[in-house]
Amino acid sequence: MLDIRLIYARTDKGETELRDRARTLANGSRRILRLIDGRRATGDLTLLARPGELEPIIEALLSEGLIHASRVLEAPSEREAREQERRQRERLGLMQRALAGMFEQELGVDGLVLDARIQDCVNLEVLRRVLRDVIDTLGRRAGDEAMQRVLARVREIFAVHAKPDQHPGS
């Protein structure tokens, strides 16, 4: 079980791998290696990985000497944790409002269920997972062009609203 407070950093070997691509790393492993920066805690990485993907990738990258544990994130105070939770809920609400009606626009009435799934998400991690699923569903129903159009809009919304240290109005 991964400690969500643990922070990993790339080794020199890991930096070289990203630059030279000498190994045949799976796409998921290469993506996670790119995300490991010595600042993100494992808990943050879980939000960027597919379910069940992170632990085996971390173990493999460690065993290959591409990353190392650099430090443990101090636990936030109770007040800081409440504030982080409030900001997360606020970001989730902003993102849900920005995403509202997107799938109905692409699929008509059939998109209402997909839009409802987005609105039912309880946190950003669930939202990311649901979005992967509904975008795949959109691709199967409406085609690749519609899927790419929605994916571009979703990426814009995440770029604006999903940054952990972004405060409203900044």
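The values are calculated or read from the model by the stated rules, or taken from the named source; none is laboratory data. Quantities reported herein were computed from a predicted structural model and do not represent experimental measurements. For neighbour counting, all protein chains shown are included, and Cβ atoms are generated from backbone atoms with ideal geometry for every residue, glycine included.
Of the residues Arg34, Arg50, Arg89, which single one is under 19 Å from the mean Cα position of the chain (by Cα), within 19 Å of His161 (Cβ to Cβ) and loosely packed, with under 15 Cβ neighbours inside 10 Å?
On the way: Arg34 fails: within 19 Å of His161 (Cβ to Cβ); Arg50 fails: within 19 Å of His161 (Cβ to Cβ).
Every option except Arg89 fails the conditions.
Which numbered condition trips up Glu90, out of (1) modelled with pLDDT of 90 or more; (2) assigned to a loop (DSSP other than H, G, I, E, B)?
(2)
Report every pair of residues separated by at least 6 positions or lying on different chains whose Cβ atoms are under 9 Å apart, first residue within region 126-139 and crowded, with 18+ Cβ neighbours inside 10 Å, second part of a helix (DSSP H, G or I) and of a type in the set (S, T, N, Q).
Close Cβ pairs (under 9 Å, with a partner that is part of a helix (DSSP H, G or I) and of a type in the set (S, T, N, Q)) amount to Leu127/Gln96.
Out of the residues in region 113-125 that are in contact (Cβ under 8 Å) with a residue 24 or more places away in the chain and in a helix (DSSP H, G or I), which is nearest to Ala159 (Cα to Cα)?
For region 113-125, the residue satisfying everything is Leu124.
Of a type outside the set (Val, Ile, Thr), without any contact (Cβ under 8 Å) to a residue 60 or more places away in the chain, outside the structural domain of Glu156 (by TED's automatic domain parsing) and surrounded by 13 or more Cβ atoms within 10 Å (Cβ to Cβ): which single residue out of Ala26, Ala41, Ala22 fits that description?
Details: Ala26 fails: surrounded by 13 or more Cβ atoms within 10 Å (Cβ to Cβ); Ala22 fails: surrounded by 13 or more Cβ atoms within 10 Å (Cβ to Cβ).
Ala41 is the lone residue from the list that is of a type outside the set (Val, Ile, Thr), without any contact (Cβ under 8 Å) to a residue 60 or more places away in the chain, outside the structural domain of Glu156 (by TED's automatic domain parsing) and surrounded by 13 or more Cβ atoms within 10 Å (Cβ to Cβ).
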